[in-house]
Amino acid sequence: MLLTITVLISLLIALEHIYFLYIELFAPYEKVATFFSLPEKIIENPIVQKFIQNLGLFSGFVGLVLILTIVIVPNDPMKYVLIFLNLFVFLNGIYAGFVFSRKFFLLEALPGLLAMILAILI
């Protein structure tokens, strides 16, 4: 039961990161600006765009690796991989919460912490 809940939360985190990939790579400037709580003028800067697109790639990789972990890795090793990956999600959410917007505490850090704790308890 606990494994199922952990897997479901980790899948939600993975889908969230696939959405982050969309926002950071393909969304219009105004949507990106709103997402990061930054002025649109800053987002229009080509150098800033490259940084944000790089973030998008990493977000997508995190989502993909979480999904592959759940699909491919057997239950016992999966626990340790999910702890490791969700620790990264948690730490990134803390950093983004301080740097960009406090909403990242709820969007990223809290789900990452919850999934990490549940994986530890398996």
Residue order, fewest to most surrounding Cβ atoms within 10 angstrom, among Ser101, Ser10, Ser37: Ser37, Ser101, Ser10
Rounded to 10°, Cα long-axis angle of helix 75-99 versus longest principal axis of the chain: 30
With unit charges on the beta carbon (Lys/Arg positive, Asp/Glu negative), name the residue among Phe35, Leu114, Ile13 whose Cα is farthest towards the positive pole of the charge dipole of the range 2-121. Leu114
Please quote Rg/Rh for the range 17-109 to two decimal places, taking the Kirkwood radius as Rh and restricting both calculations to Cα atoms. 1.04
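Of the lysine pairs in the range 2-121, how many meet both conditions: Cα atoms under 18 Å apart, and a spacing of 8 or more in sequence or different chains?
4
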Can you compute 3J(HN,Hα) from phi for each residue in the range 8-15, using the Karplus curve 6.51 cos²θ - 1.76 cosθ + 1.60 with θ = phi - 60°, rounded to whole Hz and x for Gly and Pro? 5, 5, 5, 5, 4, 4, 4, 5
Per-residue ³J(HN,Hα) for the range 46-63, Karplus 6.51 cos²θ - 1.76 cosθ + 1.60, θ = phi - 60°, Hz, x for Gly and Pro: x, 5, 5, 4, 5, 5, 5, 5, 5, 4, x, 4, 5, 4, x, 4, 4, x
Test item: Cα-centred dipole of the chain, Lys/Arg +1 and Asp/Glu -1 on Cβ, debye: 120
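Every number here is computed from the coordinates shown, using simple stated rules; none is lab data. All values reported here derive from a predicted model rather than from experimental measurement. Note that each Cβ is placed from the backbone with ideal geometry, even for glycine, and that neighbours are counted across all protein chains shown.
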